[in-house]
Amino acid sequence: MKIVVIGDPEFNIGFGLAGIVSENIFDVKSDEEIVESVRKAMEDEEVGIVVIKYDYLKKLPPALRKEIDEKVQPTFVAVGGSGGVEEIREKIRKAIGVDLWK
């Protein structure tokens, strides 16, 4: 299972240093590139987790965000903004059907 990272070069550099291979890191500079990268990650059946910069997730069209929210795999994790723990909690609850914080 692959982990994909979508963000700007400054956001992505730490993931590269942590061992994510460069072919799974998408340095994006425009809103169009964000959408293209998300679609590419969603189409790859080997991708299990997509780490995306929080600001970039919020720039996606509403229909695409809804599609992301309804999918179990890949799981999208937004990093670097508000949302944080509550957003991850909701993703886990949707994926396995149990709220682990209760």
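Derivation of every value follows stated rules applied to the coordinates shown; laboratory data play no part. Since the structure is predicted, the reported quantities are computational estimates derived from the model, not experimental observations.
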Problem - Cα shape, region 2-96, gyration tensor, a/c 1.5 rule - result: rounded
Exercise for the section: Please give the length that would be gained between Asp44 and Asp8 if that part of the chain were fully extended, namely 0.36 nm times their separation in residues minus their C-alpha to C-alpha distance (nm, one decimal). Expected result: 10.9 nm
Problem - Integer Hz, Karplus 6.51/-1.76/1.60 couplings in order for region 23-40, x for Gly and Pro - result: 5, 9, 10, 9, 7, 10, 10, 9, 4, 5, 5, 4, 4, 4, 5, 5, 4, 4
